[in-house]
Amino acid sequence: MLRWLIWSYFLLLLFEGALRKWLLPALANPLLIVRDPVLLAIYALAFARGIFPANRFIIALGVMGVLCFAASFFAEYFSFGVSVFGFRCNFLHLPLIYIIGRVFDFEDVKRVGFWVLLLTLPMTALVVLQFRSAPDSILNTGAGAEAVQITLTGNKVRPSGTFSFISGIIYFYALATAFLIYGLVEKRSYPLWLTAIVGLCVPVALAVSGSRSTVSMTAIVATMFVVAVIIRPALIGKAMKLIAIIASLAFLAGSLAIFRAAFQEGVEAFSTRMKESEHVEGGFEGFVHRITSTFTKPLETMFNVPLLGYGLGVGTNVGAKLLTGQTDFFLAEDEWERVMCESGALLGGIYVLIRVLMTLQLGAMAARAARIGHFLPLLLFGACAVPLVAGQFGQSTTLGFAVFVSGLCLAAMHLPNALAAAVVAAKQPERVRPAKVVALRAAIAAKRAAARGTGWTKKLMEPSP
């Protein structure tokens with residue numbers, strides 16, 4: 001039952017935007033929290049089965065959630081409803097990471113990957129159609145009466161796919177890229193026809209997305225594979241295989257008119273937008289400055305806000321709508337700055353630190369898995385690290401992807417016994433040693449194994465308490 005509820009959470013994450021934009025537009029606002037009842041059901045069932053996590057991060061989040069909510073009562077812009085929504089954004093969903101890590105295993109993660117790759121095909125077709133459609137087309141409608149999609153350049157908009165906003169595309173294609181890379185280099189992981197077509201779709205989607213963040217997120221995932229090769233040099237053969245496959249797909253894409261035309265059209269629009277942004281945002285330097293300011297501006301803001309902040313949830317779009325009637329960033333656009341403004345320097349700083357430490361622990365565990373040749377967790381870490389550390393949790397889709405993909409990263413470390421043995425056995429041949437040395441090393445290894453007694457996977461698979 002827990003597995004089905006987690007799958008329901010994932011499906012709603014993928015299609016809640018479609019419900020809000022096209023199927024049930026009159027319920028666009030209530031459907032913003034459509035995943036919350038499923039989340040609460042997951043928590044209730046996890047409690048009933050005794051598997052609700054009680055590690056140090058969950059305890060810290062619980063304490064901080066109570067303190068931040070209580071501090072909101074003394075804030076300048078206190079509103080009970082806004083504070084409840086702020087609690088929901090900052091604290092309510094994060095424990096799901098560790099529940100997914102306990103309930104799902106490696107086969108579940110691979111199954112999610114299959115459906116992500118399969119959905120990439122219609123998602124890319126939809127993205128291309130949105131890119132080629134007029135801004136006032138029904139395909140480019142927003143979620144809500146006044147909602148519109150961001151303009152790319154001229155008469156083009158940034159496609160949002162089935163999501164309510166462009167942020168969904170950013171994290172969906174990062175996740176798809178993680179499973180694509182894994183499927184291309186690991187035999188029999190996914191059907192060859194599927195990975196080949198997705199390998200053609202992803203570049204097209206990146207080109208027509210008009211989003212530097214989408215390109216950056218997929219680049220981060222690809223970089224994680226390079227990191228895996230550095231950690232585990234035995235993967236160099238798989239890296240060469242990946243390069244050869246990418247070259248073949250690039251040649252094939254250039255030969256197929258349907259992919260070539262969409263890709264070229266997207267690149268032209270992307271290039272035009274980059275030239276226009278040089279005068280407004282400062283081009284590439286402005287983009288880099290925007291990223292770095294995400295982490296530096298809070299250091300300036302923390303000394304200019306009240307000790308207990310302006311109130312939990314006030315900085316979210318929903319909070320601004322409830323307080324002022326305008327859907328806008330009331331306090332700050334960047335996540336860390338929003339948190340500091342809402343909860344003050346002390347409470348906000350501790351909350352940000354918790355998210356950073358959660359990400360660092362997840363990355364360390366993924367790197368430890370890559371060290372023995374199991375690199376899927378590291379690819380998934382590349383898809384979830386940025387939103388988990390600094391994603392705008394006030395945006396429901398960003399929050400959902402940060403939580404769900406982080407849970408997948410944790411669950412991917414739970415290898416079946418047979419696969420675990422195969423991964424351990426897949427080592428580089430050792431140097432030839434004299435028989436006496438080999439026998440002595442075997443005896444020492446046997447004594448160490450007997451002392452440990454619990455097998456090699458225990459330390460890797462169990463998160464720190």
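A few points about this structure:
- No other residue among Arg35, Arg3 is more than 14 Å from Ala143 (Cα to Cα), buried (at least 20 other Cβ atoms within 10 Å of the Cβ), touching a residue at least 12 places away in the same chain (Cβ under 8 Å) and basic (Lys, Arg) apart from Arg35.
- Under the condition of being surrounded by 18 or more Cβ atoms within 10 Å (Cβ to Cβ), farther than 25 Å from Ser213 by Cβ and aliphatic (A, V, I, L, M), the residues counted in the range 325-349 number 2.
- Matching residues in the range 67-102 - criterion: being among the aliphatic types (A, V, I, L, M) and in contact with a helix residue (DSSP H, G or I) (Cβ under 9 Å, 6 or more places away or on another chain): Leu67, Ala71, Ala75, Val82, Val84, Leu92, Leu94, Leu96, Ile97, Ile99, Ile100
- Within the range 362-381, being of a type outside the set (Gly, Ala, Ser) and over 17 Å from Ser189 (Cα atoms) holds for Leu362, Met365, Arg368, Arg371, Ile372, Phe381.
- Scanning the range 53-77 for residues that are under 20 Å from Leu357 (Cα atoms) and in contact with a Pro (Cβ under 9 Å, 6 or more places away or on another chain) gives Pro53, Ala54, Asn55, Arg56, Phe57, Ile58, Leu61, Gly62.
- Among the residues listed as Leu92, Leu67, Leu121, Leu96, the single one being touching a residue at least 24 places away in the same chain (Cβ under 8 Å) and closer than 30 Å to Ile197 by Cα: Leu121
- Being at pLDDT below 90 and out of contact with any strand residue (DSSP E or B) (no Cβ under 9 Å at 6 or more places or on another chain) holds for only one residue in Gly363, Gly382, Gly373, and it is Gly373.
- Of all residues making up the range 289-331, the number that are in a helix (DSSP H, G or I), hydrophobic (A, V, I, L, M, F, W, C) and touching an Asp or Glu at 6+ places or on another chain (Cβ under 8 Å): 1
- Val221 being closer than 24 Å to Ala370 by Cβ, assigned to a helix (DSSP H, G or I), touching a residue at least 24 places away in the same chain (Cβ under 8 Å) and under 27 Å from the mean Cα position of the chain (by Cα): yes
- Once the range 186-218 is narrowed to residues that are touching a residue at least 24 places away in the same chain (Cβ under 8 Å) and hydroxyl-bearing (Ser, Thr, Tyr), the residue that is surrounded by the fewest Cβ atoms within 10 Å (Cβ to Cβ) is Ser189.
- Unique match (being over 22 Å from Leu119 (Cβ atoms), without any contact (Cβ under 8 Å) to a residue 24 or more places away in the chain, surrounded by fewer than 23 Cβ atoms within 10 Å (Cβ to Cβ) and in contact with a helix residue (DSSP H, G or I) (Cβ under 7 Å, 6 or more places away or on another chain)) among Ile243, Ile231, Ile236: Ile236
- Search result, residues across the range 53-91 that are surrounded by fewer than 19 Cβ atoms within 10 Å (Cβ to Cβ) and either of a type in the set (Ser, Thr, Tyr) or in contact with a His (Cβ under 6 Å, 6 or more places away or on another chain) (or both): Ser79
- Boolean, Glu342 is of a type in the set (Asp, Glu) and in contact with a Gly (Cβ under 8 Å, 6 or more places away or on another chain): yes
- When residues of the range 255-296 are limited to those that are surrounded by 13 or more Cβ atoms within 10 Å (Cβ to Cβ) and of a type in the set (Phe, Trp, Tyr), the one modelled with the lowest pLDDT: Phe287
- Qualifying residues in the range 162-185 (those that are outside any helix (DSSP H, G or I) and surrounded by fewer than 24 Cβ atoms within 10 Å (Cβ to Cβ)) - the one modelled with the lowest pLDDT: Phe165
- Looking only at residues in the range 75-104 that are among the hydrophobic types (A, V, I, L, M, F, W, C), modelled with pLDDT of 90 or more and in a loop (DSSP other than H, G, I, E, B), the one that is nearest to Ala41 (Cα to Cα) is Leu94.
- Yes/no for Glu342 being of a type outside the set (Phe, Trp, Tyr), within 25 Å of the chain's Cα centre (by Cα) and over 18 Å from Phe73 (Cβ atoms): no
- Flag if Ala48 is in a helix (DSSP H, G or I) and surrounded by 22 or more Cβ atoms within 10 Å (Cβ to Cβ): no
- From Gly311, Gly325, residue being within 14 Å of Ser72 (Cα to Cα) and small (Gly, Ala, Ser): Gly311
- Qualifying residue in the range 256-272 (condition: in contact (Cβ under 8 Å) with a residue 40 or more places away in the chain and hydroxyl-bearing (Ser, Thr, Tyr)): yes
- Any hit, the range 20-37, residues being of a type in the set (A, V, I, L, M, F, W, C), at pLDDT 95 or above and under 22 Å from the mean Cα position of the chain (by Cα): no
- Selection from the range 51-74 of residues that are within 20 Å of Ala320 (Cβ to Cβ), of a type in the set (Phe, Trp, Tyr) and in a helix (DSSP H, G or I): Phe69
- Answer from Leu24, Leu14 - the residue that is surrounded by fewer than 16 Cβ atoms within 10 Å (Cβ to Cβ) and not acidic (Asp, Glu): Leu24
The values are calculated or read from the model by the stated rules, or taken from the named source; none is laboratory data. Everything quoted here is computed from the prediction, not taken from an experiment. Using ideal geometry, Cβ is built from the backbone for each residue, glycine included, and neighbour counts are taken over all protein chains shown.
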